[in-house]
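These notes are about the structure you will find just below.
The values are calculated or read from the model by the stated rules, or taken from the named source; none is laboratory data. The shown structure was predicted, so the numbers you read here are calculated from the model rather than taken from an experiment. Cβ: placed from backbone, ideal geometry, glycine included. Neighbour counts: every protein chain shown. Remember, those area values only see protein heavy atoms, side chains included, never the ligands or the DNA or RNA. Shrake-Rupley method; radii C 1.70, N 1.55, O 1.52, S 1.80 Å.
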Amino acid sequence: MNAPEPPPEREREAQPQEPERLPTVFEDLLATHETPGRPVFATGLRRSRAGRRAANRATEQRSLFGEILDWMFAPLLLLWPLSIAVTFLVARSLADAPFDRSLHDRAIVLAQQVRSAPTTSADRREALERAARELFDLEAEGQYFYQVVDEGGVLLAGHRDFPRPRLFDFPDASRVKLRNVTIRGNELRAAYTYVTMQQGEGAETQALVQVAETLEQRGILANEIIKGVILPQFLILPVALGLVWFGLSRGLAPLKSLQARIRARRPDDLSPVDPHGAPEEIVPLVAAFNDLLARQSQTLQTQRRFIADAAHQMKTPLAGLRSQAELAMRESDPDQLRRSLQQLIRSAERSAHLVSQLLALARMENLGASTPLESLGLHPLVRTAAADWTAFAMRRRIDFGVENDDRPAPIAGHPLLLRELINNLIDNALRYTPVGGVVTVRTRSTPDRVLLEVEDNGPGIPLSERALVFERFYRIADAPGEGSGLGLPIVSEIAEHHHATVRIDDGLPWPAGRGSGHGTRVTVVFPKQQDL
């Protein structure tokens, strides 16, 4: 029976030169580890560099306890000399204050004596020297110096080598000023003021009065203050370090308890770690660790399920292969031996197909959880995948073609997984469609979705079993062909990873002579990537 006339835009694949290439177990094993879009050499080089960096970081592991101590003690050791310097400055300031006040008062007293001194030079000198002896007589000799000169620079009393104020220290009779001076190589603190002094016959003149003292007593007082402050620090610092050590040990005790709980777990215990009792700052780390345990548990469950499925599904085909091989060995008739060997080949092909499906399922489970999606167009993937099935379709005399609406079909996906999805849909359609049937692969694009359809005029799927065919190893009773029951489950899981949906509808009408009915149309609906 002739197939329905395809639409004019349909693309036909009619190159029978290439024989069908069945996937091998070795290729599937390689496919489970391939990384599309990345050169093998570059990938290995990056991994080797990353491995060296990771090894270097591993050799530089630091204790958290030691790290905290370093960050606490290092600033402390830097601040301690700074605190000593500040203490010295404060001590000098505290020591200078009372001595400066005393020096200020002595300058005022001596200035009052100059103001009331006799007008004659001899009497004035005698009166000022007497007043100075009374002012300084209780002090150690050589500790104090004084000087009184008139505005012409004539020494009226005191020490001759007392330095004069600087040019910018203008006379101010209303206040006493302080400055540092050097007399006979000694550093002194001086207080000076200007006072109006009576001359003979009612005349007045300005006199400079200066009083100075050595810095010895100030230094002694400052040293006493520094000793009183620094010496306790030498005692407090070790105590503080000990308290910090003790506090850190107590603060990190919950970490040690958490470590002990984790170490005490059984190797197969992947249950979440209870964050109760852990410090608040460690709770996110515990949560991340629990997430890792959950993913590890899921991976182990996937591996166990795959091993169980593979063991269950491979047991029967392998037993059949052995039985057929034993029967072939017993045959003496060449024709019977040929038929037995042909049956053995068909069984081996079915086993190879089952292994290929199982490895495809493992590949999807491994790549699906860890591989990010990338923006790509669906049309090129469909055309490339369909080209690989052309020879198989022509050998079965199936009208096989590809249609698209010539509009961009951008989606977010993983090329390897999408090709696996397309191959499984085409494989199912071609295997279950009878000789002379029609299989069409179609892509359509809407404003917000991209649709992939694989339609045939095969036996179809009953409405009551359309949800069951997505379960692993489920096969419709009395279905033609020899499938593994894994094609549509693989399609469903890959679509779920791509945030897509899969639905099954009626397909093309059955050919004339087979009664009234429809085949199968499997539609995968992808969300559209608008920014591709």
When every residue in region 480-509 that is open to solvent by 60 Å² or more (accessible area, probe 1.4 Å) and closer than 17 Å to THR440 by Cα is compared, the one modelled with the lowest pLDDT is PRO509
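Could you grab me the full set of residues in region 390-403 that are small (Gly, Ala, Ser), within 16 Å of HIS379 (Cα to Cα) and open to solvent by 10 Å² or more (accessible area, probe 1.4 Å)? Steps first, answer last, please.
Initially, region 390-403 is screened for residues small (Gly, Ala, Ser), giving 391, 393, 401.
Now restrict to residues that are within 16 Å of HIS379 (Cα to Cα): 401.
If the condition is that a residue be small (Gly, Ala, Ser), within 16 Å of HIS379 (Cα to Cα) and open to solvent by 10 Å² or more (accessible area, probe 1.4 Å), then no residue fits.
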Given (1) assigned to a helix (DSSP H, G or I); (2) touching a strand residue (DSSP E or B) at 6+ places or on another chain (Cβ under 7 Å), number of the condition ALA207 does not satisfy
(1)
Could you list, in sequence order, all residues of region 245-262 that are in contact (Cβ under 8 Å) with a residue 60 or more places away in the chain, assigned to a helix (DSSP H, G or I) and either within 30 Å of PRO272 (Cβ to Cβ) or touching a helix residue (DSSP H, G or I) at 6+ places or on another chain (Cβ under 6 Å) (or both)?
LEU248, SER249, LEU255
Out of the residues in region 427-447 that are among the hydroxyl-bearing types (Ser, Thr, Tyr) and open to solvent by 10 Å² or more (accessible area, probe 1.4 Å), which is farthest from PRO372 (Cα to Cα)?
TYR432
Set ALA97, ALA55, ALA74, ALA50: member being farther than 30 Å from GLU374 by Cα, modelled with pLDDT under 75, open to solvent by less than 80 Å² (accessible area, probe 1.4 Å) and not in a loop (DSSP other than H, G, I, E, B)
ALA55
Any residue in region 210-226 that is assigned to a loop (DSSP other than H, G, I, E, B) and not β-branched (Val, Ile, Thr)?
yes
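Among the residues in region 404-426, are any in a loop (DSSP other than H, G, I, E, B), open to solvent by 30 Å² or more (accessible area, probe 1.4 Å) and over 26 Å from PRO380 (Cβ atoms)?
Pass one, region 404-426, residues in a loop (DSSP other than H, G, I, E, B): 405-409, 414.
Those left that are additionally open to solvent by 30 Å² or more (accessible area, probe 1.4 Å): 405-408.
If we keep only those that are over 26 Å from PRO380 (Cβ atoms) too, we end up with none.
Checking region 404-426: not a single residue is in a loop (DSSP other than H, G, I, E, B), open to solvent by 30 Å² or more (accessible area, probe 1.4 Å) and over 26 Å from PRO380 (Cβ atoms).
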Please state which of the following conditions ALA477 fails to meet, knowing it meets all the rest: (1) open to solvent by 50 Å² or more (accessible area, probe 1.4 Å); (2) aliphatic (A, V, I, L, M); (3) at pLDDT 85 or above.
(3)
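Can we say SER257 is exposed (fewer than 15 other Cβ atoms within 10 Å of the Cβ) and touching a Gly at 6+ places or on another chain (Cβ under 9 Å)? Break it down into steps so the answer makes sense when it comes.
On the way: exposed (fewer than 15 other Cβ atoms within 10 Å of the Cβ): yes; touching a Gly at 6+ places or on another chain (Cβ under 9 Å): yes.
Here the answer is yes, as SER257 does meet what is asked.
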Qualifying residues in region 260-281 (those that are at pLDDT below 80 and within 23 Å of the chain's Cα centre (by Cα)) - the one farthest from LEU69 (Cα to Cα)
PRO275
Among the residues of region 306-345, which ones are at pLDDT below 70 and loosely packed, with under 14 Cβ neighbours inside 10 Å?
ILE307, ALA308, ALA311, HIS312, LYS315, THR316, LEU318, ALA319
